[in-house]
Amino acid sequence: ILMYHKVVDQPIQTEHKIFITKDRFEEHCRFFKKQNFTPMWFSDLWPYWSGQKSFQYFPKKPIFLTFDDGYKNNLTIAEPILKHYQLKATIYLLANHQITQNNWDPNEDPISNQLLTFAEKNQLSPEVFEIGSHGYNHQHLTTISAADAFEDLKSSRCKLESEFGAKVYSFAYPFGSTSDALARLAQE
């Protein structure tokens, strides 16, 4: 499982360095294709994980490509490259579509920090991207009550499923912030 964030034309000044250049990302995709990795979504994993299929039939070289936050450049730069190499990825979106800028990393490049609008989220190719939940408002779920965390998990999933007409199979914890208790709530 590989996690990406921003895919940019040129390197950017950034505190967190959560970007890859377009050329480097294309190198990655070319490598995945040349090495015969099997691109997978979490919906592809579900039949195995739930016991509907035996893991003896699981691909020998699976690869899960993921994108956190839903940056505009995931649509404009990453998607065409993924499509060219016949790869697929899971994109973790916020359910609150009013958030169109990464405001949790305020010192980042404002252009590359732009998130997809609701209309742009609807332009994502369903042949390339599977929708995953990244929460409702991108908050540290470990810092709020279990009831509030559960509500965030549930409402974000339900809203994304309703709006995009597809089941959400996975959740990416904002900030990577998790705990055993939160993992149990996500599973629930």
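The values are calculated or read from the model by the stated rules, or taken from the named source; none is laboratory data. Because the structure is predicted, anything quoted here is derived from the model rather than measured. All Cβ positions, even for glycine, are placed from backbone atoms using ideal geometry, and neighbour counts span all protein chains on display. These accessible areas exclude ligands, DNA and RNA; they are computed on the full protein's heavy atoms, side chains included. Shrake-Rupley method; radii C 1.70, N 1.55, O 1.52, S 1.80 Å.
Between Q52, Q35, Q13, find the one with the highest GNM mean-square fluctuation for the chain; connect C-alpha pairs within less than 10 Å. Of the options given, Q52 has the highest mean-square fluctuation. May I ask you to list the lysines whose Cα is less than 18 Å away from that of K60, ignoring any residue fewer than eight positions away on the same chain? Straight-line reach from K60, under 18 Å: K33, K34, K88. Only protein heavy atoms count here; on that basis, with a 1.4 Å probe, K159 has an accessible area of about 60 Å². Rounded to the nearest whole Hz, the Karplus-based 3J(HN,Hα) values (6.51 cos²θ - 1.76 cosθ + 1.60, θ = phi - 60°) of segment 70-79 follow the sequence x, 6, 3, 5, 5, 7, 7, 10, 5, 4, with x at glycine and proline.
Remark: for residue pairs K53/K154; K83/K167; K17/K72, the C-alpha separation exceeds 19 Å in K53/K154; K83/K167. In a reduced charge model with +1 at each Lys and Arg Cβ and -1 at each Asp and Glu Cβ, the chain shows a dipole moment near 800 debye about its Cα centre.
Can you tell me which of Y92, Y48, Y71 moves the most in a GNM of the chain? Springs connect C-alpha atoms under 10 Å apart. Maximum fluctuation in the GNM of the chain, among the listed residues, is at Y48. Quick check: from the Cα gyration tensor, does the chain come out rounded (a/c under 1.5), prolate or oblate? Oblate is the answer for the chain, as a/c is 1.5 or above yet b/c matches or exceeds a/b.
Rounded to the nearest 20 debye, the dipole magnitude of segment 64-144 is 180 debye, with +1 charges on Lys and Arg beta carbons, -1 on Asp and Glu beta carbons, and the Cα centre as origin.
Using the Karplus relation 6.51 cos²θ - 1.76 cosθ + 1.60 with θ = phi - 60°, the per-residue 3J(HN,Hα) values for segment 23-36 come to 5, 5, 4, 5, 4, 4, 5, 4, 4, 4, 5, 5, 8, 6 Hz, with x marking Gly and Pro. Annotation: amide H of G132 within the under-5 Å range of I91, Y92, L93, sequence separation 5 or more or interchain, hydrogens built in the peptide plane.
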